[in-house]
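*Asks:* Quick one: the structure is below, and I'll ask about it shortly.
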Amino acid sequence: MIVAIDGPAASGKSTAAIGVAKALNITHIDTGAMYRAVTFGLIKNQINFKNVEAVEAYLNTLELKFSIKEKNTTLKLDNTDITEKIRSNKINKNVSEVSAIKIVREFMVKIQREMAKGTDCILEGRDIGTVVFPNADYKFFITANEKSRAERRLMDLVSVGDKKVSELDVVLDELRVRDYKDSMRDYSPLKKAEDALIIDTTHLTINKVVEKIVNIVNQKRTLV
Ligand code: DC
C-alpha cells in the first residue's frame, strides 16, 4: 500500500505523515529530507549546483541512510548524523535550487521507488502523487494558509537557533520565494494530483489531520 502526501512547505505534512505511519504501522519516507541531505552534501563538498557533471559524480558517491530508533527517524549522510543540520536556514534557502536539478530528481525518484518496494509506506513530498507514485492507493494534498505555515516554520527555525521570534515577516517572504520556486520549476513542480484529496490544516490540530487520513485509508481498505 502506498499513501502519497504532497503539499507546500510547512503545511504540516511531515507531522501528519509521521502520525499516520505510527497509527497504521507503516514506513514513513520523508522525501524532502532526501533533497535537503543532497543540498547539505553539495554545500559541504563545495560543489557548484550549476556544474551538472560534478553534481552527478557526487550523487554517485552518496550514502544516505534512514534509520528508525525508538520511533524517531534519523538521517545519516556518509555515516554522519545530519537529522538536525538539514533543517537550518542555509539549507532552506538552497534546497529549492538543488531540487530543481533534473539529475538530482531522477536520482531521488529512483531511490524512493526502491525504498518503497514491497512495503506498505507513506511518502511525503511535492511530486509523490504526480510523479513518484502516480498510481498510489491514497493521495492527499496537505495545505494551510501562508500565515500559519510561516508561523510553523518560524517555530522550527527558532528551535534550531536560526531565527528570532520577531522575524515572522522575513520567514513569510522566504516561504513565498520557496513556494514560487517549487511550483514553477520545469521538472515535476509542486502540484496537486488530480485525484488527490485536499486537506487544509489551517484550523485543524495535528491529531485531527492524522485521524482524517487514517479514517479514509481504513474505510477504503474495509471496502476492498
Ligand atoms: O518538505 P521539505 O520542506 O522538507 O522539502 C524541502 C525541499 O525539497 C522543498 O523546497 C522542495 C523539495 N522537494 C521536492 O522538490 N520534491 C519532493 N518530493 C520533496 C521535497
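The values are calculated or read from the model by the stated rules, or taken from the named source; none is laboratory data. Given the structure is predicted, the values throughout are model-derived calculations rather than measurements. Positions of Cβ are generated from backbone atoms using ideal geometry, with glycine treated the same way; all protein chains shown enter the neighbour counts. Note: accessible area is taken over every heavy atom of the protein model, side chains too, but ligands, DNA and RNA are not part of it. Shrake-Rupley method; radii C 1.70, N 1.55, O 1.52, S 1.80 Å.
*Asks:* Among the residues of segment 205-217, write down those that are touching a residue at least 60 places away in the same chain (Cβ under 8 Å) and open to solvent by less than 100 Å² (accessible area, probe 1.4 Å). Lay out the reasoning, then the answer.
*Replies:* Residues of segment 205-217 touching a residue at least 60 places away in the same chain (Cβ under 8 Å): 206-207, 209-210, 213-214, 216-217.
Of everything in segment 205-217, those that are touching a residue at least 60 places away in the same chain (Cβ under 8 Å) and open to solvent by less than 100 Å² (accessible area, probe 1.4 Å) turn out to be I206, V209, V210, I213, V214, I216, V217.
*Asks:* Select, from T130, T80, the only residue that is within 13 Å of the ligand (Cβ to nearest atom) and either open to solvent by 30 Å² or more (accessible area, probe 1.4 Å) or β-branched (V, I, T) (or both).
*Replies:* T130
*Asks:* Restricting attention to segment 97-111, does a residue exist that is open to solvent by less than 100 Å² (accessible area, probe 1.4 Å), of a type in the set (G, A, S), within 12 Å of the ligand (Cβ to nearest atom) and under 26 Å from K164 (Cα atoms)?
*Replies:* Looking for residues that are open to solvent by less than 100 Å² (accessible area, probe 1.4 Å), of a type in the set (G, A, S), within 12 Å of the ligand (Cβ to nearest atom) and under 26 Å from K164 (Cα atoms), one finds none in segment 97-111, hence no.
*Asks:* Could I ask something else about it? Among the residues of segment 115-127 satisfying the criterion of being touching a residue at least 40 places away in the same chain (Cβ under 8 Å) and more than 10 Å from the ligand (Cβ to nearest atom), which is surrounded by the fewest Cβ atoms within 10 Å (Cβ to Cβ)?
*Replies:* Among those residues, the one meeting the criterion is T119.
*Asks:* Filter segment 11-33 down to residues that are within 11 Å of the ligand (Cβ to nearest atom) and farther than 17 Å from K192 by Cβ and give me whichever is surrounded by the most Cβ atoms within 10 Å (Cβ to Cβ).
*Replies:* I29
*Asks:* Kindly evaluate S159 against the criterion of being over 23 Å from V3 (Cα atoms) and among the hydroxyl-bearing types (S, T, Y).
*Replies:* yes
*Asks:* Do you know which of the residues in segment 159-196 that are of a type in the set (V, I, T) and surrounded by fewer than 15 Cβ atoms within 10 Å (Cβ to Cβ) is farthest from K208 (Cα to Cα)?
*Replies:* V177
*Asks:* Another one. Cβ contacts < 8 Å: first residue open to solvent by 40 Å² or more (accessible area, probe 1.4 Å), restricted to segment 48-74; second residue among the hydrophobic types (A, V, I, L, M, F, W, C) and at pLDDT 95 or above, any location; separation 6+ or different chain. Result?
*Replies:* As it stands, the answer is N48/A54; V52/I101; V52/I103; E56/I103, since those pairs meet every condition given.
*Asks:* Please give the number of the condition S148 fails out of (1) open to solvent by less than 40 Å² (accessible area, probe 1.4 Å); (2) closer than 20 Å to N94 by Cβ; (3) of a type in the set (S, T, N, Q); (4) part of a helix (DSSP H, G or I).
*Replies:* The failed condition is (2).
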